[in-house]
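Remarks on the structure that follows.
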Amino acid sequence: MVAVLTVEATPSAPPLVLRPWRYGDVAVLTRMGSDDALRRWTSFPTGNTEDIREWITTQRDGRDTGDRISYAVQEVDPRDARAGEPVAHVVLKLHGQPVGEVGYWTASHARGRNIATRAVDELCRWAFEQYAPARLTHLELIHQVDNQASCRVAAKAHFSLLQVLPPQPPWPWEGHLHVRRRL
Ligand SMILES: CC(C)(COP(=O)(O)OP(=O)(O)OC[C@H]1O[C@@H](n2cnc3c(N)ncnc32)[C@H](O)[C@@H]1OP(=O)(O)O)[C@@H](O)C(=O)NCCC(=O)NCCS
């Protein structure tokens, strides 16, 4: 299992480092969690420290079993090569191969900087080329139809819209199922 993934800098954005979530991230996660968009669009346990610790335990357990591989995303300061606080989350869920699913969110203060797109793109590349090259043939991405920012991330990260899904608890609206196939 690769502990750290990296995304190169672009002309307008710093490099990214993707590393596993740690218990030391509870404070930053608690701050990020007080956000309506996270409450509305994700199952992230906003606000409560105990729930956030449990969420980190879930991430660590998933990594051990290999069915949920998540990363904290950090921007790297090009001046001193130091990584800042986590600003986003990406996850690869392997319910049963050959299909996997990706999920993601970005802290409210860091949105609109292409962070989710670049991190998801790297996660997909790693999953197809290194993590499960012989087994994984495509990756799915699902969001509610009214989550337009998420739909943009899907398109920019090379996912195609495959199907409109009916509402499914706990999600009250129809969903978009996007797919990215292994090249
Ligand atoms: C969806 C989300 C992860 C995007 O993160 P991000 O790091 O800002 O993503 P990016 O900067 O890579 O791209 C965001 C795109 O959405 C667009 N966007 C943002 N808000 C939008 C809105 N209200 N309507 C339409 N497009 C919107 C941005 O303009 C950008 O597209 P562009 O590059 O064509 O301009 C972030 O908004 C978020 O965390 N939302 C809450 C959690 C969530 O919805 N997670 C996904 C669940 S499926």
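Can you tell which of Glu122, Glu174, Glu140, Glu101 is within 14 Å of the ligand (Cβ to nearest atom), over 24 Å from Leu16 (Cα atoms) and at pLDDT 95 or above?
Answer to the check: Glu174.
For residues that are among the charged types (D, E, K, R) and loosely packed, with under 13 Cβ neighbours inside 10 Å, scanning just region 1-30, find the one that is nearest to Pro133 (Cα to Cα). Only one residue tops the list, namely Glu8.
Within region 143-162, which residues are out of contact with any helix residue (DSSP H, G or I) (no Cβ under 6 Å at 6 or more places or on another chain) and closer than 19 Å to Tyr71 by Cβ? Spell out the reasoning first.
Applying the first criterion (out of contact with any helix residue (DSSP H, G or I) (no Cβ under 6 Å at 6 or more places or on another chain)) to region 143-162 yields 144-146, 148-152, 154-155, 158-162.
Ser150, Ala154, His158, Phe159 - these are the residues of region 143-162 that are out of contact with any helix residue (DSSP H, G or I) (no Cβ under 6 Å at 6 or more places or on another chain) and closer than 19 Å to Tyr71 by Cβ.
For residues that are within 15 Å of the ligand (Cβ to nearest atom) and surrounded by fewer than 17 Cβ atoms within 10 Å (Cβ to Cβ), tally how many sit in region 63-73. Residues in region 63-73 being within 15 Å of the ligand (Cβ to nearest atom) and surrounded by fewer than 17 Cβ atoms within 10 Å (Cβ to Cβ): 0 in total. On the stretch given as region 91-122, residues that are part of a strand (DSSP E or B), under 9 Å from the mean Cα position of the chain (by Cα) and closer than 19 Å to Ser160 by Cβ total 4. Considering every residue within region 39-48, establish whether at least one is in contact with an Asp or Glu (Cβ under 7 Å, 6 or more places away or on another chain) and at pLDDT 95 or above. Looking for residues that are in contact with an Asp or Glu (Cβ under 7 Å, 6 or more places away or on another chain) and at pLDDT 95 or above, one finds none in region 39-48, hence no. Of all residues in region 34-57, those that are buried (at least 17 other Cβ atoms within 10 Å of the Cβ) and more than 14 Å from the ligand (Cβ to nearest atom) total 3. Just one of (1) on the phi < 0 side of the Ramachandran plot; (2) outside any strand (DSSP E or B); (3) not β-branched (Val, Ile, Thr) fails for Gly47. It is (1). One residue stands out in region 74-98 among those that are aliphatic (A, V, I, L, M) and at pLDDT 95 or above: the one that is nearest to the ligand (Cβ to nearest atom), namely Ala88.
Can you tell me which residue in region 1-21 is farthest from Ile52 (Cα to Cα), limited to those that are outside any strand (DSSP E or B) and touching a residue at least 40 places away in the same chain (Cβ under 8 Å)?
Just the residues of region 1-21 that are outside any strand (DSSP E or B), to begin with: 1-4, 8-9, 11-12, 14-15, 20-21.
Checking which are touching a residue at least 40 places away in the same chain (Cβ under 8 Å) leaves us with 1-2, 9, 14-15, 20-21.
Details: Met1: 24, Val2: 24, Ala9: 30, Pro14: 28, Pro15: 27, Pro20: 15, Trp21: 11 Å.
Among residues in region 1-21 that are outside any strand (DSSP E or B) and touching a residue at least 40 places away in the same chain (Cβ under 8 Å), the one farthest from Ile52 (Cα to Cα) is Ala9.
Being on the phi < 0 side of the Ramachandran plot and away from the ligand (no atom under 16 Å from the Cβ) holds for only one residue in Arg60, Arg31, and it is Arg60.
The values are calculated or read from the model by the stated rules, or taken from the named source; none is laboratory data. Remember, predicted model here, so these are calculated numbers, not experimental data. We place every Cβ from the backbone using ideal geometry, glycine too, and count neighbours over all the protein chains shown.
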